[in-house]
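Notes follow the structure.
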Amino acid sequence: MIFRAVEDTDLIRQATRGNVESFNLLVSRWEKRVYNYLLRITANREDALDLTQDVFLKAYQNLRKLDDAGRFAPWLYRIAHNEAIELRRSSHPTQVLDGYLVDEQPSITEQAEQREQLEWLLKDLADLPERQRTVLVMRELSGLDLAEIGAALDTSGAVVRQSLYEARRNLEQMDYGRGMKCEAVARVLSDADRRITRRRDIRAHLRDCPDCRRFQDAIGRREGVMAGISPIPATAAAGIVQTLLGGSGGGGTVAALAGGATK
């Protein structure tokens, strides 16, 4: 005899009547998906595990408030979303994920590749605005449709669609930035003002490139040193440079500096 799997809606109805076994079966079906969602949002294995337990505890306590058993998925993810937001508001610094994956164990080489890709993804996700990050994870990891995501976040499908598009474009920019040549990044850093670091492609490159970070830091250090010198006329500045290069006019240099300092 072939038994048809019990639907979630049936389990929910039984659980609301006090059937703990039905709720436990419901948890077994959803805990991995909820954990994966929270893992990508928090980037912290321990936090994701703790929040997953909190989510299902609150779900059990509030299950009778669920008006439509067919809307269980967005309702559950809304609880998970709220728990993640609450954690971020009171958060300790996020730790870099240790590469832990809940999927079936791949080969050692595949694990190393997945770990690197996951670390990049988590860093990129952390750089997204909160709504974009949440929408992207709900759609691409949890498989919710736009209407379900809108219900979970209490917003419209149009907002979800736009946020999803913006998240994907921003991730594409960051992925492109990691592959940029260091010479091109250094040129951009040299040519532009500090606002250039708002560009996600540049930020993504700097996260993973110590050489370009050193180049950027050196610019900042020199600016700090220069800021200690009061503004002086261009002609006086030229005289300073000439003196430093071994030319004459040391007294003029001192006078220029002293004069600049008294203005």
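The values are calculated or read from the model by the stated rules, or taken from the named source; none is laboratory data. These numbers come from a predicted model, not from an experiment. Neighbour counts are summed over all protein chains in view; Cβ atoms, including those assigned to glycine, are modelled from backbone coordinates with ideal geometry.
Miscellaneous remarks
- Test result for R45, surrounded by fewer than 22 Cβ atoms within 10 Å (Cβ to Cβ) and under 29 Å from K123 (Cα atoms): yes
- In this structure, V137 does satisfy being surrounded by 13 or more Cβ atoms within 10 Å (Cβ to Cβ) and touching a Phe, Trp or Tyr at 6+ places or on another chain (Cβ under 8 Å).
- Any hit, the stretch 140-150, residues being in contact with a His (Cβ under 9 Å, 6 or more places away or on another chain), farther than 30 Å from I202 by Cα and either touching a residue at least 60 places away in the same chain (Cβ under 8 Å) or not hydroxyl-bearing (S, T, Y) (or both): no
- Positions within the stretch 57-106 being of a type in the set (S, T, Y) and modelled with pLDDT under 85, in sequence order: S90, S91, T94, Y100
- Residue match in the stretch 120-136 (condition: modelled with pLDDT under 90, basic (K, R) and in a helix (DSSP H, G or I)): yes
- In this structure, A69 does satisfy being over 30 Å from L121 (Cα atoms), in contact (Cβ under 8 Å) with a residue 40 or more places away in the chain and either buried (at least 16 other Cβ atoms within 10 Å of the Cβ) or under 31 Å from the mean Cα position of the chain (by Cα) (or both).
- Within the stretch 142-169, considering residues that are under 22 Å from N44 (Cα atoms) and in contact with a helix residue (DSSP H, G or I) (Cβ under 6 Å, 6 or more places away or on another chain), the one surrounded by the fewest Cβ atoms within 10 Å (Cβ to Cβ): S142
- Test: residue in the stretch 79-89 that is part of a helix (DSSP H, G or I) and under 16 Å from G143 (Cα atoms): yes
- The residue that is nearest to the chain's Cα centre (by Cα), among those in the stretch 48-66 that are closer than 14 Å to A152 by Cβ and crowded, with 20+ Cβ neighbours inside 10 Å, is V55.
- Residue in the stretch 214-229 that is at pLDDT 90 or above and either among the charged types (D, E, K, R) or within 24 Å of the chain's Cα centre (by Cα) (or both) present: yes
- Every residue from the stretch 160-173 that is touching a residue at least 12 places away in the same chain (Cβ under 8 Å) and not acidic (D, E): V160, R161, S163, L164, A167, R168, N170, L171, Q173
- Cβ-Cβ under 6 Å pairs, at least 6 apart or on other chains, the stretch 174-186 side surrounded by fewer than 13 Cβ atoms within 10 Å (Cβ to Cβ), far side at pLDDT 90 or above and not in a helix (DSSP H, G or I): none
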